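In what follows, a structure is listed as structure tokens, so that the remarks can point back to it.
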Amino acid sequence: MLRSLTSGIWLTPPERFIPQPDKTVCITGHRIKSVIPYRNDNAFLELTVTGIQLMLCRYIDLAVEAGYTCFIDGLSTGTDLWAAQYIIRLKNSGADIKLIGAMPYLRHAERFRPVELEILRNVEMYCDTLTCTNPDPDIVYSKTGAGKELYRTRNYFMADCSSAAIAYYNHSEYRSGTHQTVAYLNNSGKRVAEFSNDDLCRIIDEAGTDIGSVRQRISLLPNPFIRPRRESQH
């Protein structure tokens, strides 16, 4: 068995992980470099990042409200760690939910900044299960050769273990791992709660640039995990 290089926690081999897809939502999304500031104005970057995080949290809340009790997270920077931190907050507040961490390879965090490593370490400590989808302790990501499939394997593992997903996905990022994962989820007939920079910008257009107003508008987003009545009757 392997230990995480970040937290030292023993990793459960993926073949020993027993998923409960009907109760599980996977998280997929872009890193912070893909966040486009509102009106392409860097003065609004903090507002935009906060808005993306609020939308992510809202959809996690709605998944819990719909009866999902397990979240599987890929432990990358940006969307993954933002989601994991919020799920931990819910757990610490008494929510009966689980957090599964799925790293693509043992050395995946070697290029994390120190602040990101500290966040990752804390997240791993709170995971109910931590796994790694490649057993080779020496393998690293590369655009060619054995390492090129590492993230896709991790992403498909998460999708296969879930019946639904939350995705921060900008359609302009059509070559991204998030695009690949969302396409795989859709082709597999999974329910995907998807949102983008454009969706947030429309909310800010309506609510204004006051973060309190944006937060209030996001709190009114409907629950995509609850099937409409006529759909559920078929």
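Where a number appears in this text, it was derived from the coordinates with a stated rule and is not lab data. Please read all numbers here as calculations on a predicted model, not as lab measurements. With ideal geometry, Cβ positions are generated from the backbone for all residues, glycine too; neighbour counts draw on all protein chains shown.
Annotations
- Under 24 Å from K190, Cα to Cα: lysines that are on another chain or at least 8 residues apart: K23, K98
- Calculated FRET efficiency for the pair T209/D22, C-beta based, R₀ 45 Å, to 0.05: 0.65
- Those lysines that a straight Cα-Cα span of less than 20 Å connects to K33, excepting residues fewer than 8 apart in one chain: K143
- In percent, rounded to a whole number, the relative contact order of the stretch 26-218 is 24, using alpha-carbon pairs under 8 Å and six or more apart.
- Part-to-part distance (alpha-carbon centres) for the stretch 38-91 and the stretch 146-210, which is given in Å: 12 Å
- For S196, S142, order by how many other beta-carbon atoms lie within 10 Å, fewest first: S142, S196
- Once the Cα atoms are used to define both axes, helix 197-207 deviates from the longest principal axis of the chain by about 30 degrees.
- For the stretch 1-157, a crude dipole built from +1 on the beta carbon of Lys and Arg and -1 on the beta carbon of Asp and Glu, taken about the Cα centre, is about 300 debye to the nearest 20.
- MRE, 222 nm, helices only [DSSP H, n ≥ 4, -39500 (n - 2.57), over the chain, to nearest 500]: -12000 deg cm²/dmol
- Gyration tensor over alpha-carbon atoms, the stretch 26-218, equivalent ellipsoid semi-axes in Å: 26, 19, 17
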